Ligand SMILES: Cc1ncc(C[n+]2csc(CCOP(=O)(O)OP(=O)(O)O)c2C)c(N)n1
Ligand SMILES: Cc1ncc(C[n+]2csc(CCOP(=O)(O)OP(=O)(O)O)c2C)c(N)n1
Ligand SMILES: [Mg+2]
Ligand SMILES: [Mg+2]
């Protein structure tokens, strides 16, 4: 057990896996000498050499596409995208390339690559530096997606992603990188992809979230717990594809109420899939419509709006209250 | 009124608008001399010259990105992507470029461009030639999306897209291109973006779809109508962003049952948004969970599977029956 | 059918701006720095030295080219008669891909485009397995999931192309770099067309190759057209080879219809991999056939252009060379033709009789382990198929 | 803060592979075919002819460069003291962008990158409006929606860059082509860095420009680095200019710290637009400052390299030239410095006092007409804000 920030936990996971498995390589813009603009890979090039920690040209599509090729040959590349706002140049390569080789070749080839993408807002970075890209990468099949929200999860989920035989996208919580510190069991244990964490058990309503937003949801739940009938179960999804449908369904069948919170825009966001899935599986149990708290369908601004763009505690609380007070 | 195929209606709309407005230009692979691989633009280069009907290099990202620039300067480019399976190279340019200029410049610049993308399966074309890309382009804001399923809608929606001041994606129904012929009022009247068509009124269940699938849904509805209690309302959405929430909500509040049908994969598909939206607005009216009939979360194959991949009438009927027979 | 025009049509008037007829670049090979061993009639012209090839190798080269032509003609017929969904002709491009693939070792990796069936044959693919792929049968190496001609087989170290033109170039470059990193001696070749050079991935892969020098041959078959788009609408550059300069990638132009020149250029490129890493080879060739079975070239190119290129058809050129060497004669030719046709006919019969995939098989290979979503979707499909069957039985339909 | 390192740190040991110190390319300008008018000390060196500029123009050029430097220093201070979120320094690159922008007409369109505030000044943007943009105020032309330094204003024919490096190159090329099609005389310039040349859009735009010859100057500021990535990791090519050859786009290399050479090269490029269309100019310069306020260059580059480039600082170079012409002296310099500082101080005060945007304003300008989704989301947000306010009032928080 060591005290680590989220950043340090991510670095520790990569260092651990690189030492254990010589097929693991890192590539991306500025990942080498500078150790990444966030310093996540600091020290790794020095330790493992410039062939295993590769500074690439400024070309996100190329980063993803070369990683696909490396993975086809048997390496386990970790491709860093500097900010998830820049990942979409690689969209086709990921969703119509990396994720399709296994199927297209009848299982002959696989692409065990990781894409690390610093994500989420709250750092006053403006649109491109505050993105929540998950919805685009959940549709169509072949991509796994994990979203850690604690140092331990960052460590364990990144390890799982590196070891996974298929392309895995790791959405890293930028706003927590340095601000969140915690105990990490860094003995090389991965966390199962697809397993949610119940971070607060409760009986009256299920609040689902992932990434940095989980902390806000938990805070709201704790705050509201004083009110009778407001015993809220908070679930941190941790994996979005596949997501932990059993944990969610069981919870909602018990609580009868569901509010989903994410900072990506509402329409076609991940909350849509959760709502659609849960209304099917827990139809007779629901006391109220499934609520979605999300950003509006517009870009994340630099100033004058961004703190309202991202769901805040008041809006989360309002949605919970609406669910609790719902009347036909 | 003229009898036209869907293809002819699309060509007529472009010819009409190019004659009316000299700012309308077409660009894409093979759109000029050859008139497009489907011959949609046949004759247009001869009529309007190679500066207004431009054969581009093989570069989807470049096609979209140059169209953005043309639109910024005041043209109304119609960018043809040869098959929607190839549109994703332009994903970033469209979703983080074209759709963001107006907002990013405080309304100073706009990008009145059209992207025409031949879509949908059923032609035994394999994965890349059978795509339903809508879900990716509905999330995040700034893109309008229309999906015609008749010659008249093809004509009227393409006109609306060309005249729209913002980027608009036209998903064209490849399997209906030449097989569907109908009367077209070709006097230059556009169809409002965002207006659904109720193609069969009914009282017992609402079946929503768009594109070629609408015809299958309608056929199933007609077939099932013989059974008492199976008076199905069939809605052709026609526009996905924005979609006609009023028509849908009113219908479901009346019928109490909803089945959504699309041939894109299930997870995070457009049906997820419809289900999430409708369960919120019609919660007290629903007799059963909202059903989704969609492709599985995997690629569209070339052989041995594709006819099962795409929802067929039997699967649509099964979903309707499940909804009708639902019991708590 | 993949696009609309599935039946051949009579020559049509050009409906756009007619394209000028371009004389075969090979007629000006020396001026255009296009390396050749043979002239149009198969006589060594002293430009490049004849590569060191045994009689057996030369015959393999020619016989493979000839077999590819027979396959192509058969495939075309099958498509036209409705037995095959789709066809991508390779006519005219046999020398470019056969000779370059022959220059590689069996352990080397090949990333195919879609006009190189000869590469599969050279690696030992059976004719039946090829046709099984064309028919999309369950038991071909790729399980029938790809369009015909998007060939591959891991057992042969051949990777099928992604359908997106050019998108796989960095996959080849990345794989080559990985082999280098692992200390393997594997070399790589990746095939693509003139059109593919316009895609961003060409730029990415060349830039990467210039910096990292992976052991790879970028083999561009410049066949004059990308569907209806001629070279001068694809780029203003004078050659595709020179694009390598922008990345400091070694490059050259070679007569793509001259198998000996192609072989020599590829061998030389492979000999350079240690020092220079990558080579970009532009093989100047011509698509004598349709773009695909859905195409109608009469809409955009003139018969004179095709006729001029027929004179550079690689098959008679190579045959004449072999004959001049005393390695071939009319009897050998007739026997070979007969053999090819018999074998192809048998392969078609056998492959066509093979079973298509089971519907449920489409759920395999999305992930190494299916997600709960896929498991559920599979179960539901199977249940619905059963119901359908029952309904059919009930209604007698 | 946009990334993690928001405070300057003491020089740190290189933690990766240390980069070799590269001597300024300008020291070998003649060998490297880098066009110059001035030597390092501002003396014409006979390589390129001095452009035909009036005293007034020369002074504008210099004064704008000097004002940009003052703005840059002020912005840096404001960021370091926490009053500005973010800063992108332009130090060292003043000549490249000011001289090229000065060569354009007011009706010409400029597509900016992020180190060219001088272009805004030359077009008449007020200092207050610049700082209002830096502070993200509601009343600046772009409504405060962009990061500081992503400047633009339609009234000035200046388009702000998309944050994705290089992604906007085809936008500029497409717009230039549109102007040509419409028969307008508008010309275009688009700024980008060395890093941007690796993106697919560079490839797309160059290829398009080679074929269609739009009236545009592609202005690449090669400042030696893309964050921590030096030129030799960006490309193996000997220059960025020569990349134009791959597309038959006219190209040249110019001393980017020599405003007269930059001006002359840009003017010449504009004179060629009718015949040649596009020109790719590589302006060889150097980023003397941090990449951004979030950067720490001590992690990847050595102080010696920066020191060697200080000798080529465009400001003293131009000042010496002006002095030698008799157009400038120490008094003029002192007065100008004072004026710049006063004006900037006033602009900061005024801009900082301006109001930020209203939350509801973020819903504007997504579409020309908001969709029902946006209307509903806006109403809900406003309702929730009201409730929040009430709750605050109730709880006295
Ligand atoms: C990205 C992409 N865009 C469009 C297509 C449709 N298409 C298939 S082949 C082709 C032309 C390819 O030209 P080239 O690269 O020269 O290869 P050739 O067909 O001449 O062998 C096109 C446009 C595609 N498959 N992929
Ligand atoms: C597509 C994209 N990837 C990464 C970034 C992060 N980033 C911002 S500036 C920069 C380096 C740009 O280098 P260059 O083009 O040389 O311009 P310079 O900063 O040197 O002026 C990077 C990597 C970005 N903004 N866009
Ligand atoms: Mg070609
Ligand atoms: Mg730079």
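Here are some notes:
- Meets criteria (more than 17 Å from the chain's Cα centre (by Cα), crowded, with 24+ Cβ neighbours inside 10 Å and within 16 Å of ligand 2 (Cβ to nearest atom)) for residue A:97: no
- Residues of the stretch D:174-230 that turn out to be more than 22 Å from residue B:64 (Cα to Cα) and either facing chain B (nearest Cβ under 9 Å) or away from ligand 4 (no atom under 16 Å from the Cβ) (or both), as a count: 4
- For the residues D:144, D:124, the requirement of being assigned to a loop (DSSP other than H, G, I, E, B), within 11 Å of chain B (Cβ to nearest Cβ) and more than 16 Å from ligand 1 (Cβ to nearest atom) singles out D:144.
- Residue within the stretch B:33-44 that is within 12 Å of another protein chain (Cβ to nearest Cβ), part of a helix (DSSP H, G or I), at pLDDT 95 or above and farther than 16 Å from residue B:171 by Cα present: yes
- Residue within the stretch C:184-200 that is more than 19 Å from the chain's Cα centre (by Cα), under 24 Å from residue C:301 (Cβ atoms), within 11 Å of ligand 1 (Cβ to nearest atom) and crowded, with 24+ Cβ neighbours inside 10 Å present: no
- The requirement of being under 17 Å from residue B:223 (Cβ atoms), part of a helix (DSSP H, G or I), in contact with a strand residue (DSSP E or B) (Cβ under 8 Å, 6 or more places away or on another chain) and within 11 Å of chain C (Cβ to nearest Cβ) is not satisfied by residue B:320.
- Scope the stretch D:150-173; condition in a helix (DSSP H, G or I) and within 7 Å of chain B (Cβ to nearest Cβ); matching residues: D:154, D:170, D:171, D:172, D:173
- Some residue of the stretch C:210-218 being within 15 Å of residue C:26 (Cα to Cα), within 16 Å of ligand 1 (Cβ to nearest atom) and touching a residue at least 60 places away in the same chain (Cβ under 8 Å): no
- Against the conditions (1) closer than 23 Å to residue D:108 by Cα; (2) away from chain C (no Cβ under 14 Å); (3) more than 15 Å from ligand 4 (Cβ to nearest atom), residue D:255 satisfies every one except (1).
- The residues listed here are D:226, D:261, D:205; of these, the one that is away from ligand 2 (no atom under 16 Å from the Cβ), under 20 Å from the mean Cα position of the chain (by Cα) and crowded, with 24+ Cβ neighbours inside 10 Å is D:261.
- Out of B:62, B:28, B:85, B:11, sole residue that is assigned by TED's automatic domain parsing to the domain that holds residue B:174 and over 21 Å from the mean Cα position of the chain (by Cα): B:62
- Test: residue in the stretch B:60-73 that is more than 7 Å from every other protein chain (Cβ to nearest Cβ), surrounded by fewer than 22 Cβ atoms within 10 Å (Cβ to Cβ) and not in a loop (DSSP other than H, G, I, E, B): no
- Condition met for residue C:295 (over 17 Å from residue C:35 (Cα atoms) and within 16 Å of ligand 3 (Cβ to nearest atom)): yes
- Criterion violated by residue D:115 - all others in (1) touching a strand residue (DSSP E or B) at 6+ places or on another chain (Cβ under 6 Å); (2) within 16 Å of ligand 2 (Cβ to nearest atom); (3) part of a loop (DSSP other than H, G, I, E, B) satisfied: (1)
- Count of residues meeting criterion [part of a helix (DSSP H, G or I) and modelled with pLDDT under 95] in the stretch D:342-362: 4
- Search result, residues across the stretch B:45-59 that are assigned to a loop (DSSP other than H, G, I, E, B), crowded, with 24+ Cβ neighbours inside 10 Å and either more than 7 Å from every other protein chain (Cβ to nearest Cβ) or out of contact with any helix residue (DSSP H, G or I) (no Cβ under 7 Å at 6 or more places or on another chain) (or both): B:56
Every residue, every condition in (1) in contact with a strand residue (DSSP E or B) (Cβ under 9 Å, 6 or more places away or on another chain); (2) assigned to a loop (DSSP other than H, G, I, E, B), yes or no:
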{"position": "B:211", "(1), (2)": "yes, yes"}
{"position": "B:222", "(1), (2)": "yes, no"}
{"position": "B:233", "(1), (2)": "yes, no"}
{"position": "B:246", "(1), (2)": "no, no"}
{"position": "B:250", "(1), (2)": "no, no"}
{"position": "B:253", "(1), (2)": "no, no"}
{"position": "B:264", "(1), (2)": "yes, no"}
{"position": "B:271", "(1), (2)": "yes, no"}
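- Number of positions in the stretch A:92-140 that are without any contact (Cβ under 8 Å) to a residue 60 or more places away in the chain and within 12 Å of chain C (Cβ to nearest Cβ): 20
- Any hit, the stretch D:289-298, residues being more than 14 Å from chain C (Cβ to nearest Cβ) and closer than 30 Å to residue D:322 by Cβ: yes
- Among the conditions (1) more than 19 Å from residue A:77 (Cβ to Cβ); (2) within 16 Å of ligand 4 (Cβ to nearest atom), the only one that residue A:29 does not satisfy is (1).
The values are calculated or read from the model by the stated rules, or taken from the named source; none is laboratory data. Note that the coordinates shown come from a computational prediction; the quantities given were computed from them, not determined experimentally. Cβ sites come from the backbone with ideal geometry, for glycine too, and all protein chains shown count toward neighbours.
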